[in-house]
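The values are calculated or read from the model by the stated rules, or taken from the named source; none is laboratory data. Bear in mind the structure is a predicted one, so any value in this text is a computation, not a measurement. Here the Cβ is made from the backbone with ideal geometry for all residues, glycine too, and neighbour counts use every protein chain on show.
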Amino acid sequence: MRLALLFTTIMLASCAKNPVSGMPDFVTITEQQEIEMGRAYHKEILKNSKVLKNEELNKYYVELGEKIAKSSHRPDLDWKFTIIDDPTMNAFATPGGYVYFYRGLLAHFNSEAEFAGVLSHEIAHITARHAVRGMSTAQVTNLLIGLAASKVPGGSISNSGFNLLNVIVNKGYSRKYESEADDIAKDYLGRNGYNQDAMADFLETMKSADDLENKIAEKEGRPASGGYHGIFSTHPSTENRIEAMNATESATGERNRDEFLKMIDGLPYGTSDDEGYVRYNTFYHPFYAIKFTFPKGWDLDNLPDKLIIRKNNSVVTMISDNLLRDDVENGLTPKDYLDQNIDKTSFLSKNTLLEQNILNNTLPGYTYLYETKSLAENIFTRYTVFFDLDDKDKRPKAWIFVKKFVDINDDKQSILIDESFAKMTKDEIEKAKGLRIKVIRFKKGMTYDELADNSPLGRYAEGKLRLLNGHYPKGEPNVGDLIKIVE
């Protein structure tokens, strides 16, 4: 009897009408629950993410989002639009009217219509209740599995709705829902007077982003990272989506290219200033007031908990450790620090010490170089540590570099890191500024090759500049066009 009552409850809950299609939806979550869930998730996002501090751009984004939302199938939701200050190329939406864009994605739009297209796509996920529908299916599936396993009628759902939402938002929607959101987005673009081809243009850029990322990852010997919505792993074939978006004639409507580009002029590119940034092969971290230069041809990845600098099979990892002032005051040296930490492993018994040196930088430091021999190959490992003790406002730190090489010549190149590691001057800290998008007019005689030669973006500069402007791998702007560079 209880099992029959449960199925009756489920069927009653599933009678809600979909706001877009007008057809009955299989949902177990009311609109009020949807709104409350989105509100709770929003608090978590604000707690764990940094919101972009740019009043003009935020105002522009909110007004554009509200305009599209008011023309959507759910205009009465309390819509919220947030830009997260993060270089990731992504955007997502959560139930109840919450839409998030990462700063890194904004830099890759080339018109307001493209921006509006992706905004419309995210709004469509909410208006069509994709997350709610996915959660309802998951809830019922989990419930039925639990009942079958325990044979206890009325068994409880094992995961909370919040955890289900987290999985759905982070893993992306089904191919069916993504295609449906594309179709709805195209409708919303038309309702607001935009060129409906803009969404296809953006998907072309994302396909190019995937191609470039795969190329760079292969050269750097690492896995490729995912794109917008995990677009290249969970979304429908990008070519199929582009073809579907172009299936109908839609060349009319506004693009507002120049207006949008002027709006993002000066937008930070890459990591934020206070997270550290690279300019012409020198890494700066104004908050900790440290800097160092790494060799040309090597690539630096700034992760939340470490830096990775690599060239082919050679990898340098930089981490930090807090020191006790009492240890330092009682004579702890950089050499002592390395001896204590390397001795904790079986490393010393299996490796040959080739070199040890005091480093004569402005900061006290020490370095060891070891060789590991095997039948297959020899591996070289260099440990370097610097003590950063002079900042009275911050705890004393150890900056540690662990370098692994197959080719000893790469060790000789990477010595540049140790030799250049230093504190930033007060003047450097005051003038510290990470990379920025700069919008310029394409002049006669300009080429991407020339722009790349003068760019701080490193050895993939030409590909990255082409991608920013929708010209990857080939294509040239017209003389007089506005284009984006990085400086």
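A few notes on this one:
- Condition met for ASN214 (modelled with pLDDT of 80 or more, buried (at least 19 other Cβ atoms within 10 Å of the Cβ) and among the polar types (S, T, N, Q)): no
- Residue in the stretch 315-325 that is of a type in the set (D, E, K, R), over 24 Å from LYS50 (Cα atoms) and crowded, with 18+ Cβ neighbours inside 10 Å present: no
- Strands (runs of 3 or more DSSP E) wholly inside the stretch 37-115 that include at least 1 residues being touching a His at 6+ places or on another chain (Cβ under 8 Å) and modelled with pLDDT of 95 or more: 80-84, 98-102
- Going through (1) in a helix (DSSP H, G or I); (2) of a type in the set (A, V, I, L, M); (3) at pLDDT 90 or above one by one, VAL278 falls short only on (1).
Matching residues to (1) closer than 25 Å to GLU31 by Cα; (2) at pLDDT 65 or above; (3) loosely packed, with under 13 Cβ neighbours inside 10 Å; (4) touching a helix residue (DSSP H, G or I) at 6+ places or on another chain (Cβ under 8 Å):
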{"position": "GLY172", "(1), (2), (3), (4)": "yes, yes, no, yes"}
{"position": "PRO223", "(1), (2), (3), (4)": "no, yes, yes, yes"}
{"position": "PHE232", "(1), (2), (3), (4)": "no, no, no, yes"}
{"position": "HIS235", "(1), (2), (3), (4)": "no, no, no, yes"}
{"position": "THR252", "(1), (2), (3), (4)": "no, yes, yes, no"}
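- Residue match in the stretch 121-142 (condition: more than 30 Å from SER72 (Cα to Cα), at pLDDT below 90 and assigned by TED's automatic domain parsing to the domain that holds GLY253): yes
- Here is the figure for the stretch 443-465: residues that are buried (at least 17 other Cβ atoms within 10 Å of the Cβ) and either without any contact (Cβ under 8 Å) to a residue 40 or more places away in the chain or in contact with a Cys (Cβ under 6 Å, 6 or more places away or on another chain) (or both) total 8.
- Those strands (runs of 3 or more DSSP E) of the stretch 339-442 in which at least 2 residues are surrounded by fewer than 16 Cβ atoms within 10 Å (Cβ to Cβ) and either among the β-branched types (Val, Ile, Thr) or not assigned by TED's automatic domain parsing to the domain that holds VAL328 (or both), considering only elements entirely within it, cover 352-360, 437-441.
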